[in-house]
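Everything on this sheet refers to the single structure shown next.
The values are calculated or read from the model by the stated rules, or taken from the named source; none is laboratory data. Remember, predicted model here, so these are calculated numbers, not experimental data. Neighbour counts are summed over all protein chains in view; Cβ atoms, including those assigned to glycine, are modelled from backbone coordinates with ideal geometry. Quick note on the areas: whole protein, heavy atoms, side chains included, nothing else; ligands and nucleic acids left out. Shrake-Rupley method; radii C 1.70, N 1.55, O 1.52, S 1.80 Å.
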Amino acid sequence: MADTTITVRDNGNLRISGSFEIVDAAGNVFPVEPGRPVFLCRCGHSQSKPFCVVSIRRVAFGSGARALAPETALVVAEGAG
């Protein structure tokens, strides 16, 4: 099992737990409390991006993402970014 777990929550945010750092595009580290999970915005409406402030409840955001088979996931990951 990985030291960091990212949970994609149905119709909600991303929950990150374990040992991790969140870094912006310039390399600056966002302050997070060690050992405490954080929640990242997926709806785009948070005023505290990248963190979720439950704005997702006010907007019509829906997602029920499920993990793909490993051979499919590899193709998707190679084309990302």
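Brief remarks on what is shown
- Of the residues making up the range 1-19, those that are part of a loop (DSSP other than H, G, I, E, B) and either open to solvent by 50 Å² or more (accessible area, probe 1.4 Å) or more than 15 Å from Pro50 (Cβ to Cβ) (or both) are Met1, Ala2, Asp3, Arg9, Asp10, Asn11, Ser19.
- For the range 52-64, a residue qualifies if it is surrounded by fewer than 10 Cβ atoms within 10 Å (Cβ to Cβ) and not basic (Lys, Arg), and the qualifying residues are Ala60, Gly64.
- Restricted to the range 25-66, and to residues there that are free of Cβ contacts under 8 Å to residues at least 24 places away in the same chain and part of a helix (DSSP H, G or I), the residue that is nearest to Gly12 (Cα to Cα) is Arg57.
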